[in-house]
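Since every read-out is calculated from the coordinates, none of them should be taken as a lab result. It should be emphasised that the depicted structure is a prediction, and the values quoted were computed from it without experimental measurement. Cβ: placed from backbone, ideal geometry, glycine included. Neighbour counts: every protein chain shown.
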Amino acid sequence: MTTKLRHEDYLEKAKLLSREEVEHLFSRMRGKLARRLDDKEMDPLEAIARQLEFEDRQLMEWRARVSEIRKKFKN
């Protein structure tokens with residue numbers, strides 16, 4: 001249930017993006033998500049929301065890895 005609420009947050013964020021920001025997100029879309037959009041299986045707003053969620057997840061993972069690396073070099 002938490003996942004749905006979180007996904008709803010991304011849908012709201014996607015609605016607030018400018019046209020330029022949306023185009024930038026579309027340009028970074030890869031793999032299954034892009035194919036679903038091309039095949040008209042998914043609404044563009046839904047695709048943008050999923051891309052935002054994916055990028056947020058990647059950013060959190062990257063920050064965690066950088067934090068681990070910094071800890072190793074401090075010691």
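One table, with the values for the structure above:
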read-out	value
Selection from F73, L52, L33 lying farthest towards where the dipole of the chain points positive, charges on Cβ	F73
Protection proxy ranking, peptides 50-60, 23-33, average beta carbon neighbours within 10 Å, highest first	50-60, 23-33
Cut-off 13 Å between beta-carbons: net charge of the residues surrounding V66, Lys and Arg +1, Asp and Glu -1	+4
Student exercise, the stretch 1-62 dipole from Lys, Arg, Asp, Glu Cβ charges, in Debye to nearest 20	180
Under 20 Å from the Cα of K40 - lysines, other chains or at least 8 residues apart	K15, K32
Set of the stretch 47-61 residues, backbone N closer than 20 Å to the point 7 Å along the Cα-Cβ line of S18	48-49, 52
